[in-house]
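The values are calculated or read from the model by the stated rules, or taken from the named source; none is laboratory data. It should be emphasised that the depicted structure is a prediction, and the values quoted were computed from it without experimental measurement. A quick note on method: Cβ atoms are made from the backbone with ideal geometry, for glycine too, and the neighbour counts reach across all protein chains shown. Accessible surface is based on the protein model in full, side chains and every heavy atom, while ligands, DNA and RNA are left aside. Shrake-Rupley method; radii C 1.70, N 1.55, O 1.52, S 1.80 Å.
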Amino acid sequence: MGKDLNQLIRNKAFLDKIVSAEEAASWIEDGMNLGMSGFTLFGEPKEFPLALSKRGENEDFKINLYTGASLGPTADQSMAEAGIINLRVPYQGNAVMRGKINAGEIGYIDQHLSHTAEEVRKGSLGNIDYAIIEAAAITEEGYIIPTGSVGNSPIFVEKADNVIIELNMTAPKAYEGLHDIFVLKEQGERREIPLYKVSDRIGEIGIKVDPSKVKGIILSEQPDIPSPLFEPNEETQQIADNLLAFLAGEVEAGKLPQSLAPLQSGVGSVANAVLNGMKDSQFKDIEVFSEVLQDGIFDLIDAGVVKFAVGTAFSLSKKRVETLAEDLEKYSGKILFRPQEVSNHPEVIRRLGIISFNTALEVDIYGNVNSTHVSGTKIMNGIGGSGDFARNARITIFVTSSLAKNGAVSAIVPFVSHIDHTEHDVDVIVTEQGYADLRGLPPVKRAEKLIEIAHPTYRSQLRAYFEEAKEKVGGQTPHILEKAFAFHTNLKEKGTMLSEEEVKAK
């Protein structure tokens, strides 16, 4: 091990608790509930889940796994492959796990990310038998210093019967001081979260833990896991340009200042490209209040566009993972991480007036958004924190490419096959074709705007449906129920959402 253990474990009450990952994994029994640190691949234990998965190759047991958000190949994937997960909550993003969920082999609760801590606090998810938390250090006062995510770790530590700490010996020292751990009291006893500016510090530098609850400390040298972000391309750049044009219009109209309002950006390559596109924009001194901080945040800080950013976790490319230690030193004082029930708290989001943009899978002509299910049945990742922000943001924006699957799929459809965000929570939709500002518009006017930002390949088909629905059915939100899912049935039967007439015309 490259670092002095006494510098990493500075409270002597913890020094005699070091065990192997195999021994710690042997403590887990069938049916136990595990609360594990980790959010978008960062901050997750690595040795422990691998050891538990190894056990699962020869033993028959299953656990219920609760986390902050998605874990990576050493955790979600290894445990899914070993067949040891009974229930997964509240979010996942691994292809192997996704396949098993859609096959009915793993139960999955897709949950708003601000809700999970409250459900644990209320006991509706059962007792937490073990909290397994990756740490960069343990302080003299007995605080666990998290690594690249906070997520739900504080509530897991508070409510768990037992705690296992996986001390990552390769974690940058600069993680210490990066966290702002504020723990909510029980409902009925709590006051407001005293957060009035994005950069306010309201909590502790780490997670307080009773040493008697810590059953073992595992030593690890496995590095952080990068996220598979692709470089911005012409299409994502056009989406970014259209979103920036909308924001510029808000500034010009006097609705927003040059520094905008605090921004929240969803996870993924499109959202990261939008952030990347802000480097050369007119906006300066922006604050970011998000759940995940991606590569684009560092670039915007470097460009002098972002002055402060808070979230609950990193989600970084391989390039940024490799320079993380020096980056944490460089951006000290400009980045902060809080528990996700604070970063995603509805009242705080509304109080601070966040501008939110997240990614949609599909949008219907009245503004309902599906961000989770393919053709209404197959889960992709989950709703994540998008709902926390969509319902409460100052401006709620969803971005999507207008086409998918080489043109076989339109992102704008008559009726979404699954609703995550209702029309009541959606303000603006952006595609590479333009943006539709839906604010202040009744349903039929929203439909006219949304059809205009669909891909030209599908506009006439969408208009035909809309006009027929108005003429034959009418009402506040005209729909022909027999044809509302025609795009999806065409896709299932013919491999394309195009109608037979449109296919012949082409």
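Would it be correct to say that THR170 is within 19 Å of ILE217 (Cβ to Cβ), out of contact with any strand residue (DSSP E or B) (no Cβ under 9 Å at 6 or more places or on another chain) and open to solvent by 10 Å² or more (accessible area, probe 1.4 Å)?
no
Could you check, for the range 415-428, whether at least one of its residues is more than 18 Å from GLN238 (Cβ to Cβ), among the small types (Gly, Ala, Ser) and not in a loop (DSSP other than H, G, I, E, B)?
No, because not a single residue in the range 415-428 is more than 18 Å from GLN238 (Cβ to Cβ), among the small types (Gly, Ala, Ser) and not in a loop (DSSP other than H, G, I, E, B).
Examine the range 100-114 for a residue that is without any contact (Cβ under 8 Å) to a residue 60 or more places away in the chain, at negative phi, within 21 Å of the chain's Cα centre (by Cα) and open to solvent by less than 20 Å² (accessible area, probe 1.4 Å), and state whether such a residue exists.
Looking for residues that are without any contact (Cβ under 8 Å) to a residue 60 or more places away in the chain, at negative phi, within 21 Å of the chain's Cα centre (by Cα) and open to solvent by less than 20 Å² (accessible area, probe 1.4 Å), one finds at least one in the range 100-114, hence yes.
Which of the residues belonging to the range 347-397 are within 16 Å of HIS424 (Cα to Cα), within 15 Å of the chain's Cα centre (by Cα), in contact (Cβ under 8 Å) with a residue 60 or more places away in the chain and assigned to a loop (DSSP other than H, G, I, E, B)?
Selection gives ALA360 alone.
For (1) of a type in the set (A, V, I, L, M, F, W, C); (2) open to solvent by less than 20 Å² (accessible area, probe 1.4 Å); (3) over 34 Å from the mean Cα position of the chain (by Cα), each residue gets a yes or a no:
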{"position": "LYS445", "(1), (2), (3)": "no, no, no"}
{"position": "LEU450", "(1), (2), (3)": "yes, yes, no"}
{"position": "HIS455", "(1), (2), (3)": "no, no, no"}
{"position": "GLU471", "(1), (2), (3)": "no, no, yes"}
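Six or more apart or on different chains, Cβ atoms under 8 Å: show the pairs whose first residue is in the range 170-181 and among the polar types (S, T, N, Q) and whose second is open to solvent by 10 Å² or more (accessible area, probe 1.4 Å) and part of a loop (DSSP other than H, G, I, E, B).
As it stands, the answer is THR170/GLY2; THR170/GLU221; THR170/GLN222; THR170/PRO223, since those pairs meet every condition given.
Matching residues to (1) on the phi < 0 side of the Ramachandran plot; (2) open to solvent by less than 10 Å² (accessible area, probe 1.4 Å):
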{"site": "GLU22", "(1), (2)": "yes, no"}
{"site": "ASP30", "(1), (2)": "yes, no"}
{"site": "PHE39", "(1), (2)": "yes, yes"}
{"site": "LYS46", "(1), (2)": "yes, yes"}
{"site": "PRO49", "(1), (2)": "yes, yes"}
{"site": "SER53", "(1), (2)": "yes, yes"}
{"site": "PRO73", "(1), (2)": "yes, no"}
{"site": "GLY83", "(1), (2)": "no, no"}
{"site": "VAL89", "(1), (2)": "yes, yes"}
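Checking GLU176 against (1) surrounded by fewer than 24 Cβ atoms within 10 Å (Cβ to Cβ); (2) acidic (Asp, Glu); (3) closer than 24 Å to VAL209 by Cβ; (4) within 20 Å of the chain's Cα centre (by Cα), which test does it fail?
All conditions are met except number (4).
Cβ-Cβ distance below 7 Å, separation of 6 or more or different chains: which pairs start in the range 407-422 with a residue that is hydrophobic (A, V, I, L, M, F, W, C) and end on one that is open to solvent by 30 Å² or more (accessible area, probe 1.4 Å)?
Here the result reads ALA408/LEU491; ALA408/GLY495; VAL409/LEU403; VAL409/LEU491; ALA411/LEU403; ALA411/ALA404; PHE415/PHE485, each pair linking the range 407-422 to a residue that is open to solvent by 30 Å² or more (accessible area, probe 1.4 Å).
Regarding GLY249, is this residue open to solvent by 10 Å² or more (accessible area, probe 1.4 Å) and either within 20 Å of the chain's Cα centre (by Cα) or not basic (Lys, Arg) (or both)?
Taking the combined requirement at face value, the residue satisfies it.
Would you be able to say whether some residue in the range 317-333 is at pLDDT 95 or above, of a type outside the set (D, E, K, R) and open to solvent by less than 10 Å² (accessible area, probe 1.4 Å)?
no
Counting only residues that are within 23 Å of the chain's Cα centre (by Cα) and open to solvent by less than 10 Å² (accessible area, probe 1.4 Å), how many does the range 215-246 have?
Adding up the residues that qualify gives 4.
How many residues are aliphatic (A, V, I, L, M), open to solvent by 50 Å² or more (accessible area, probe 1.4 Å) and in contact with a helix residue (DSSP H, G or I) (Cβ under 7 Å, 6 or more places away or on another chain) if we restrict to the range 478-492?
0
Considering every residue within the range 193-205, establish whether at least one is open to solvent by less than 70 Å² (accessible area, probe 1.4 Å), touching a strand residue (DSSP E or B) at 6+ places or on another chain (Cβ under 9 Å) and within 26 Å of PHE14 (Cα to Cα).
Looking for residues that are open to solvent by less than 70 Å² (accessible area, probe 1.4 Å), touching a strand residue (DSSP E or B) at 6+ places or on another chain (Cβ under 9 Å) and within 26 Å of PHE14 (Cα to Cα), one finds at least one in the range 193-205, hence yes.
Only one of GLY475, GLY495 is without any contact (Cβ under 8 Å) to a residue 60 or more places away in the chain, farther than 28 Å from ALA271 by Cβ, surrounded by fewer than 22 Cβ atoms within 10 Å (Cβ to Cβ) and of a type in the set (Gly, Ala, Ser); which?
None of the others qualify; the one that does is GLY475.
Checking ALA271 against (1) buried (at least 20 other Cβ atoms within 10 Å of the Cβ); (2) modelled with pLDDT of 95 or more; (3) under 18 Å from VAL428 (Cβ atoms): exactly one of these is not met. Which one?
The number of the failed condition is (2).
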